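A short write-up of the structure that comes next.
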Amino acid sequence: MGCPPSRTLSALLAGVLTATAAASLVPAAALAAPADVPAVPAAAPGTERWSADLAVAGGDDVNVRWSAGRLRLADTRPGRRTRPAAVGGPVAEGALLTAPRTLARPATRVRAQVTAEVAGGGGVQAQVRGWRAAGWTEWREATGAGAVFDRPVTRVQTRVLLTARDPRATASVRAVELTADTVATVSAATAGLAYRVFATRQGSVGGQTANGRVIQARDHFVALPSRRGLSPLHTGDYTVRICTTSGSRCEYAPVWDVGPWNTRDDYWNPSAVRENWRDLPQGRPEAQAAYQSGYNGGRDQFGRTVRNPSGIDLADGTFWDGLRLTDNAWVDVAYLWTGTGPRGVVGHGPLNVRTGPGTGYGVRGLAARYANVPIQCYVVGQTVTGPYRTTNRWNRLAGGQYVSHAYISAVYGGTVSLC
């Protein structure tokens, strides 16, 4: 895919934020206004600067509006459409997703300076991700030291998050200034990470996901407990492959929501980059540790008693149709953005994943629309007419399964060769 479509002060006090610490959604208590907002230092050679466009336009934005020169929450009242179960309480949240910016030269670090006003339980965060040959990196906090990528990126996208725990809370952003440059890189997650975790059915039909989708009956997506792997609406930039422990059924599905239990637990990452609970083994969700061994007093990040060890939520279609589960269960999950090699974008789906290169072969699962599937190579098989082409090409995926190329809208990350 060449380019995807893209907390507490007095209610009388509004702090002006010039972000200087990499953290979660910036609490209001941390935003006491300095006497003078420090000036942005002069650009070093090779540094590129730009301002994020905060004017809201398009379906990728969730519960935000641009008014009187500020980005604000459109609705500060917590409610069903803000999915309180996913954020651990009555929290209103919104997100602005900017258009990707093509850099003048590749960069390995992006920093953000945010000018914001918060009060009464509001919060603000600026995140970025970078594009490289194998696809998008995870979202990273961009304030303070900035986001550092293990390999140079050629495009940068910015996401601004706003939260409010009370309808009277203030959370508004006046400007986000970004710089991109090159520094010594750091190690990122190991390629091709996969772990066995407990899966629960999400349900919540008619509710809204963290990326703005209204959940449909028998929908196909998943939720992970960290925004680092959250895909923008109508993309599969972060896709997982979920399989039953027997391997009899699998589904490739985009990550469109945040949860269950926690929202800052990227447990698939090593402790060097994991957001929280760095003393836990890589691949162990905090909810699992809390439920099984009483970690963190048996509670999640919001203080709730953890009642199951879930590390992933499955939308109804993924749960019932993709994996054919009848109850919550342990599953094997591959976090595909941590891998390398070519990826195909499923443009029409859910698409059958078969054991061979033809419709006469058995179906082993599904690939949801927008999922980015890893293609090892291709073979010549049955000719199929689909929404993008008529072709006898079948793409072999990890595990020896196949999908017809007639349903793949784009391929990125490398050249696919004949098997």
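Looking only at region 225-246, which residues are assigned to a strand (DSSP E or B), more than 21 Å from Gly413 (Cα to Cα) and within 12 Å of the chain's Cα centre (by Cα)?
Hit for region 225-246 is Ser226, nothing else.
So Tyr295 fits all but one of (1) hydroxyl-bearing (Ser, Thr, Tyr); (2) modelled with pLDDT of 95 or more; (3) open to solvent by less than 20 Å² (accessible area, probe 1.4 Å); (4) out of contact with any strand residue (DSSP E or B) (no Cβ under 6 Å at 6 or more places or on another chain); what number is the exception?
Only one criterion is unmet by Tyr295, namely (3).
Taking the options Asp257, Asp150, name whichever one is assigned to a strand (DSSP E or B) and open to solvent by 30 Å² or more (accessible area, probe 1.4 Å).
Asp150
Tell me, which residue of region 132-147 that is open to solvent by 20 Å² or more (accessible area, probe 1.4 Å) and assigned to a strand (DSSP E or B) is farthest from Thr235 (Cα to Cα)?
Result: Glu141.
Within region 325-338, can you find the residues that are surrounded by fewer than 22 Cβ atoms within 10 Å (Cβ to Cβ) and not in a strand (DSSP E or B)?
Answer for region 325-338, where residues must be surrounded by fewer than 22 Cβ atoms within 10 Å (Cβ to Cβ) and not in a strand (DSSP E or B): Leu325, Thr326, Asp327, Asn328, Thr338.
Listed here are the residues, each with its yes/no results for (1) in a loop (DSSP other than H, G, I, E, B); (2) modelled with pLDDT of 95 or more; (3) open to solvent by 30 Å² or more (accessible area, probe 1.4 Å); (4) touching a helix residue (DSSP H, G or I) at 6+ places or on another chain (Cβ under 9 Å).
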site: Asn262; (1), (2), (3), (4): yes, yes, no, yes
site: Arg274; (1), (2), (3), (4): yes, yes, no, no
site: Leu280; (1), (2), (3), (4): yes, yes, no, yes
site: Ala290; (1), (2), (3), (4): no, yes, no, yes
site: Gly311; (1), (2), (3), (4): no, yes, no, yes
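The values are calculated or read from the model by the stated rules, or taken from the named source; none is laboratory data. These figures come from a predicted structure and were not determined experimentally. Glycine also receives a Cβ, built like all others from the backbone with ideal geometry; neighbour counts cover every protein chain displayed. We work out accessible area using only protein heavy atoms, side chains counted, and drop any ligands, DNA or RNA first. Shrake-Rupley method; radii C 1.70, N 1.55, O 1.52, S 1.80 Å.
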